[in-house]
Amino acid sequence: MMDDRLKDKTCIITGSGGSIGRAACLRFAAEGANVVGCDIAPEGAEETLRLVEDAGGSMISIHPADLTDKAQCERVVAAAVDRFGSLDVLFNNGAMAYFAWIEDMTDEMWSKTINEELNLVFLMTRTAWPELVKSKGNIVNTASLSAWAGIELLPGLAHTAAKGGVLAMTRQLAMEGRKHGIRANSVSPGTIETNQTRFILEDPEWCRIQLGRAMINRMGQPEEVAAAVAFLASDDASYITGTDIAVDGGVRAW
């Protein structure tokens, strides 16, 4: 039984059609939030909306929404305020990365990753900022274990740069937000079981290296990330800002 610690809070969750985004929509709705989902891919976004509504939650979804476009960010924020009257939480979760080792990393792959993992966080946050000032709201960003450490088998140069930027930007947003009562934090997921990562379970070398680095010797679940995000978004985290929570099974601790 969930409590109502997010009751009547209006929360934008980007990337609502993906694994972590969907888990966050379900968790936030279960805690009483008015959820505003958005995703560039309509099929996943529609399925999340159906799941939340079937569970009795309050949600609208704006899709397809390309958050690298300033006008699309404005559309999402306007929909949240028009439907629910305010905006209290922005969970910048949606992102897309392109992977290659440095010798194979093209200019296009680099630029697209920075645009679709870092620039969209800036654009969405800048758009939402005036509403968050009004509500003394808060921001949670999805960073990554890759912002903290190189992962041996992952050709993630652009991804690490983008997520490192998200991590640093979160601290700056916390500093700038302090005058307005705005908190800003991030979560850094480790290896979370999603459609994109499930292949690791079939690959002995990936399992040995990736899962072997975690004190909790398994993949994390999207719901475990969503639980950390919901905590940071709630008043339970009222004295926490400018920090990052590692949801990585202990990788960063040894």
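What to note about this one:
- Ordering His180, His159 by the number of other Cβ atoms within 10 Å of each residue's own Cβ, fewest first, gives His180, His159.
- Under the Karplus curve 6.51 cos²θ - 1.76 cosθ + 1.60, θ = phi - 60°, whole-Hz ³J(HN,Hα) for the stretch 20-35, x wherever Gly or Pro sits: 6, x, 5, 4, 5, 4, 5, 5, 4, 5, 5, 8, x, 6, 8, 9
- Note, ³J(HN,Hα) from phi for the stretch 212-224, Karplus 6.51, -1.76, 1.60, rounded to Hz, x at Gly and Pro: x, 7, 8, 4, 8, 7, 7, 6, x, 10, x, 5, 6
- Within the listed set Glu43, Glu103, Glu152, the residue fluctuating most in the Gaussian network model of the chain (springs between alpha-carbon atoms under 10 angstrom) is Glu103.
- Projected label distance in nm at Arg252 and Asp8, using a 7 Å step from Cα toward the beta-carbon: 3.5
- For the stretch 7-43, backbone nitrogen atoms closer than 19 Å to the point 7 Å from Ser238 Cα along Cα-to-C-beta are found at 7-10, 32-33.
- Choice from Glu116, Glu205, Glu74 with maximal GNM fluctuation in the chain (Cα, 10 Å cutoff): Glu205
- Ranked Tyr98, Tyr239, criterion: other C-beta atoms within 10 Å, fewest first: Tyr239, Tyr98
- For Cys38, the residues whose modelled amide H falls within less than 5 Å of its own, excluding neighbours fewer than 5 places apart on the same chain, are Ile13, Gly15, Ser16, Ile62.
- Correct option for volume of the Cα convex hull per residue in Å³ [calculated from the coordinates] among [x] 123; [y] 173; [z] 113: [x]
- Dipole of the chain, positive end: most advanced residue of Pro155, Ser16, Val140 [Cβ charges, Cα centre]: Val140
- Taking each of Lys7/Lys134; Lys112/Lys179; Lys9/Lys163; Lys7/Lys70; Lys9/Lys136; Lys70/Lys112 in turn, the alpha-carbon distance tops 22 angstrom for Lys112/Lys179; Lys9/Lys163; Lys7/Lys70.
- ³J(HN,Hα), Karplus 6.51/-1.76/1.60, whole Hz, each residue of the stretch 135-144, x for Gly, Pro: 8, 6, x, 8, 10, 10, 10, 8, 8, 5
- Length added when fully stretched, Lys134-Glu108, from 0.36 nm per residue minus Cα-Cα: 5.5 nm
- Cα-centred dipole magnitude for the stretch 10-247, charges only on beta-carbon of K, R (+1) and D, E (-1), debye, nearest 20: 880
- Taking every DSSP helix (H) stretch of at least 4 residues in the chain, weighting each as -39,500 (n - 2.57) and dividing the sum by the residue count yields a mean residue ellipticity at 222 nm of -13000 deg cm²/dmol.
- Given charges at Cβ of Lys, Arg, Asp, Glu: the stretch 47-106 dipole, positive-most of Gly85, Ile62, Ala100: Gly85
- Of the residues Trp129, Trp148, Trp101, the one that moves most in a GNM of the chain with alpha-carbon contacts below 10 Å is Trp101.
- Nonlocal amide H pairs with Ser58, under 5 Å, H built at 1.01 Å: Val35
- A straight line joining the Cα centroids of the stretch 60-103 and the stretch 166-244 runs 18 Å.
Every read-out reported here was derived from the displayed coordinates using simple, explicitly stated rules and does not represent laboratory data. Only a predicted model underlies this, so the values are computations on that prediction, with no experimental measurement involved. Cβ atoms come from the backbone with ideal geometry, glycine included; neighbour counts cover every protein chain shown.
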